[in-house]
Amino acid sequence: MLILEGNNEANLQQANRLREAVESLSVKYQEQAISITLSVGYVHDDGRNDLSSLLKQADKYLYNAKEQGRNRIVSE
């Protein structure tokens, strides 16, 4: 989970930069290079929802991202 303060659009851009940074990594495991990707379910707290509701929605978006091919951000 990543919690960011501030502007919704700026936070979404920051999350995408993080996704791109992870995608560019190459991790060695038992002498093999492994690529990693990041799928994100992104929600913005407008102050009307409690933490449980936000996590539930983010989880739903995360599974949508994985179903759509992984390595992406799905949001509202």
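A few points about this structure:
- Residues with amide H under 5 Å from that of residue 75, placed H, sequence gap 5 or more: 42
- Förster radius 35 Å - calculated FRET efficiency between residue 53 and residue 29 (Cβ-Cβ, nearest 0.05): 0.40
- The phi-based Karplus calculation (6.51 cos²θ - 1.76 cosθ + 1.60; θ = phi - 60°) puts the 3J(HN,Hα) values of segment 12-20 at 5, 5, 5, 4, 5, 4, 5, 4, 5 Hz, whole numbers, x for Gly and Pro.
- Residues in segment 21-30 carry Karplus couplings, in order, of 5, 5, 4, 7, 6, 10, 10, 8, 9, 6 Hz; the curve used is 6.51 cos²θ - 1.76 cosθ + 1.60 with θ = phi - 60°, and Gly or Pro positions show x.
- Counted charge near residue 45, where neighbours are those whose Cβ lies closer than 12 Å (Asp, Glu -1; Lys, Arg +1): -3
- Simple label model, 7 Å out from Cα along Cβ direction - residue 10 to residue 45, nm: 1.7 nm
- Angle between the chain longest axis and helix 51-67 axis [Cα atoms, degrees, rounded to 10]: 40 degrees
- Only one item in [x] 3, 15, 25, 23, 17, 9, 4, 2, 1, 0; [y] 3, 16, 22, 23, 17, 10, 6, 3, 1, 0; [z] 3, 18, 33, 27, 15, 4, 0 matches P(r) over Cα pairs in 5 Å bins from 0, in percent derived from the coordinates shown, and that item is [y].
Readers should treat all values here as calculations from the given coordinates under stated rules, not as data from a laboratory. Keep in mind it's a predicted model, so treat the numbers as computed, not measured. All Cβ positions, even for glycine, are placed from backbone atoms using ideal geometry, and neighbour counts span all protein chains on display.
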